[in-house]
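Encoded as structure tokens, the structure appears first; notes follow it.
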Protein chains: 2
Amino acid sequence: MLKRSPEFQIIHEFFEIQAATFNNDSVIVGIGDDCAVLCPTPQTQQVISVDTSIADRHFPADAPAFDIGYRALNVAVSDLAAMGATPTWFTLAISLNHHDRDWLKNFSKGLFTAAANADITLIGGDTTKVPVSAPLSITVQVHGEVCSGTALLRSQAQVGDTIYVSNTLGDAAAGLACYKNKLSHEPLLTAYLRPEPQIVLGQKLMGKAHSCVDISDGLLADLGHILERSHVSAEIDLSKIPLSKALLSYTDKTRALKLALSGGDDYQLLFTSALDNATLSLDNITAIGTIVDSSTAEHTAIHFINAADDFIETLTTAGFDHFHEPSV
Amino acid sequence: MLKRSPEFQIIHEFFEIQAATFNNDSVIVGIGDDCAVLCPTPQTQQVISVDTSIADRHFPADAPAFDIGYRALNVAVSDLAAMGATPTWFTLAISLNHHDRDWLKNFSKGLFTAAANADITLIGGDTTKVPVSAPLSITVQVHGEVCSGTALLRSQAQVGDTIYVSNTLGDAAAGLACYKNKLSHEPLLTAYLRPEPQIVLGQKLMGKAHSCVDISDGLLADLGHILERSHVSAEIDLSKIPLSKALLSYTDKTRALKLALSGGDDYQLLFTSALDNATLSLDNITAIGTIVDSSTAEHTAIHFINAADDFIETLTTAGFDHFHEPSV
């Protein structure tokens, strides 16, 4: 009898068996062959994104294993939400620096809980061992579908569009600070450790929003991506940024606003639309500004209104930079 | 003007610009949005595989950057070849522990040279920074297409099938040994550092082979995958294993045979077919054995013939195990 190597045993025990419980007719061959074989829905386009999460850079290495798995998938699924796509399949490439069965069990439980919520099926992966000195690394590639030609892009923002965000911002960044300082502030910790991709909202925006992005690097940085791709500028009303009660009970308004603008990790949607709030008729969205002309096609800028001048001066449009910011 | 962070600058300079030179009508949105948007060919199934290559585990960290890029993509494309698929798109998730522009330039040159050879287009990725103590990590996900229902699987080997391999085996494992010992043995080094996926052969096998796998972990380990999935056993004629002149000029026949059986990294195809060699009429394939009944559905085995008994005794069917074998 041919024995499974430890590598194959892990894949089988924690991933293959659970993946097989998902009933997905589009998966012709799942885990276990050289490749997965998949059947796209006719008349759809495939929407694909890949995200790597590194321990102590993108999440705390000592976070609960369930949350690490839950978060790694949802962070990637959030990119599908930003396109208005329906999630279909995902792959997992994980580099482990240890062989802890309990950790893997809880990690896979978190991963598959998020997968069930998003109705997305694991179709393959690669498990590799790295030295103990190397951080845990999780690369998730997510696949979704949109009816041909309907994907929400970054590049189609129009001058005059209203800029909207979903729910509240800054909670996740505050949650990370709470986690690092061992403060038990439940809604904020949950916002950071268990972000929820805005799949339903993204789908409702199709045909209504001109452009859309998910807020992973911070409102200003991600708005910057829309502006750059659409060759436009933006005016942001700082008095309109939605801040949660939990955030305002944790810190003062100035710091709360900074976290909301530059903190990142919220995974809310930022979108632009020619429609007003009443016409859109969507729950939990807030108009925070307007798309305006750029002085030149190459120069995009974010202008701020309705805040003290000295506060505006401290704002940077650089956003969260994985290469220069301190790690988590 | 919004500046690109160093992370985005790297993606733009070394990957986005080169990716854009590939002309692929199926790529509706490539690098630069939340997701890529892709248009599959109607009536096809999608074929997907993901491979992670870790420095000093899957390749020597000090190998030429060109070869690291070339190899990382080809190793993944080889899985498409094993399904008989036509390569279409790929993503790249790379974790860098340094910021060396020359290295990145040569790495991307190797990557895109392999991409041009396989006619596969980069559609997205994620660049992350890891601590200097962490190894370089490269995760490539490849996408291909097959006409619906035609993919070559591991699970369809039939009793009575002849077992074939392409080209010669063991060269790559010997090449790795040469590399580590600083021996200049060109064909062997090239076999290891620049493996060539057998895309054309895979496509020719469609409708002719019952099962197929690429040899990444060693002939015995990968044959084991076919046997396990197909619930059959195999008889291998050790006198038939194809060994190159380069390999036999490097080492004695016994060691050459061991490298061919267990060395891995050859990325040749191993397939089973009811057709004989003359009917298949393919270049550079060798019949090495036969698929036979398993004693029970659960117990698969590889039987060896035509070699000294003591040699057969030393053979293990465990193959190459990334968790237990010494690193490269």
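Modelling each spin label as a point 7 Å along the Cα-to-Cβ direction, I'd like the B:Leu248/A:Val132 distance in nm, to one decimal.
4.7 nm
Would you kindly derive the ³J(HN,Hα) couplings of region B:120-126 from the backbone phi angles with the Karplus curve 6.51 cos²θ - 1.76 cosθ + 1.60 (θ = phi - 60°), listing them in order in whole Hz, with x for Gly and Pro?
So the Karplus estimates, Gly and Pro as x, are 10, 10, 6, 10, x, x, 8 Hz.
For A:Ala151, what is the net charge nearby, where nearby means another residue's Cβ is under 15 Å from its Cβ and Lys, Arg count +1, Asp, Glu -1?
Once positives and negatives cancel, what remains is -1.
Can you find, among A:Asn117, A:Pro42, A:Ala134, the residue sitting farthest towards the positive end of the charge dipole of region A:6-147, where Lys and Arg contribute +1 and Asp and Glu -1 at Cβ?
In region A:6-147, that residue is A:Ala134.
Looking only at A:Val50, A:Val159, A:Val130, which one moves most when chain A is put into a Gaussian network model with springs between Cα atoms under 10 Å?
Fluctuation is largest for A:Val130.
Below 26 Å, Cα to Cα, which lysines can B:Lys245 reach? Residues fewer than 8 away in the same chain don't count.
B:Lys180, B:Lys182, B:Lys253, B:Lys258
What ranking of A:Lys182, B:Lys245 emerges when the number of other C-beta atoms within 10 Å of each C-beta is taken as an exposure proxy, fewest first?
Going from least to most buried by this count: A:Lys182, B:Lys245.
Taking A:Lys208 as the anchor, which aspartates and glutamates have their alpha carbon closer than 13 Å to its alpha carbon, excluding any fewer than eight residues away along the same chain?
List returned: A:Asp161, A:Asp276.
Of B:Ile120, A:Ile17, B:Ile285, how do they rank once you tally other Cβ atoms within 10 Å and put the fewest first?
Ordered from fewest to most neighbouring Cβ atoms within 10 Å, B:Ile120, A:Ile17, B:Ile285 come out as A:Ile17, B:Ile285, B:Ile120.
Going by amide H atoms built from the backbone, whose H comes under 5 Å of the H on B:Ser53, apart from near neighbours?
B:Ile138, B:Thr139, B:Val140
Would you work out which of A:Ala81, A:Ile68, A:Ala246 lies farthest towards the positive end of the dipole of chain A? Charges go on Cβ: Lys and Arg +1, Asp and Glu -1.
Checking the options against the dipole of chain A, the answer is A:Ile68.
What's the magnitude of the charge dipole for chain A around its Cα centre, counting Lys and Arg as +1 and Asp and Glu as -1 at the beta-carbon? Answer in Debye, nearest 20.
So the magnitude is around 660 debye.
Please list, or write none, the lysines whose alpha carbon is within less than 22 Å of the alpha carbon of B:Lys109, excluding same-chain residues fewer than 8 places away.
Those lysines meeting the cut-off are B:Lys129.
Spelling out what I want: for every residue of region A:135-146, take phi, set θ = phi - 60°, compute 6.51 cos²θ - 1.76 cosθ + 1.60 (Karplus), and round to whole Hz; glycine and proline get x.
Calculated HN-Hα couplings, in order: x, 4, 10, 10, 10, 10, 10, 10, 10, x, 10, 9 Hz.
For a test of the definition: using alpha carbon positions, the gyration tensor, and the 1.5 limit on a/c, classify region A:192-299 as rounded, prolate or oblate.
Cα axes put region A:192-299 in the oblate bin.
So which helices of chain B fit the span-like rule, where a helix is a whole DSSP H run, its Cα atoms reach 27 Å or more along the axis, and its mean Kyte-Doolittle is at least 0.0?
Result, helices passing both filters: B:65-83.
Please label the shape of region A:67-216 as rounded, prolate or oblate, based on the square roots a ≥ b ≥ c of the eigenvalues of the alpha-carbon gyration tensor (a/c under 1.5 means rounded; beyond that, a/b larger than b/c means prolate, else oblate).
Since a/c reaches 1.5 but b/c is at least a/b, the shape of region A:67-216 is classed as oblate.
As a test of the formula, what do you get for the protein assembly as shown when each DSSP H run with n ≥ 4 contributes -39,500 (n - 2.57) and the sum is divided by the residue count, at 222 nm and rounded to the nearest 500 deg cm²/dmol?
Roughly -9500 deg cm²/dmol at 222 nm, from the helical runs in the protein assembly as shown.
Modelled label-to-label distance, B:Asp100 and A:Asp237, 7 Å Cα→beta-carbon offset: nm?
Roughly 5.3 nm, to one decimal.
Under 5 Å between amide H atoms, partner at least 5 residues away or on a different chain: which partners does A:Gly125 have, H built in plane at 1.01 Å?
A:Leu92, B:Val50
A short reminder: the numbers here are calculations on the coordinates, not readings from a lab. Just so you know, these numbers come straight off a predicted model, no measurement behind them. So basically every Cβ, Gly included, is an ideal-geometry build from the backbone, and we count neighbours across all protein chains shown.
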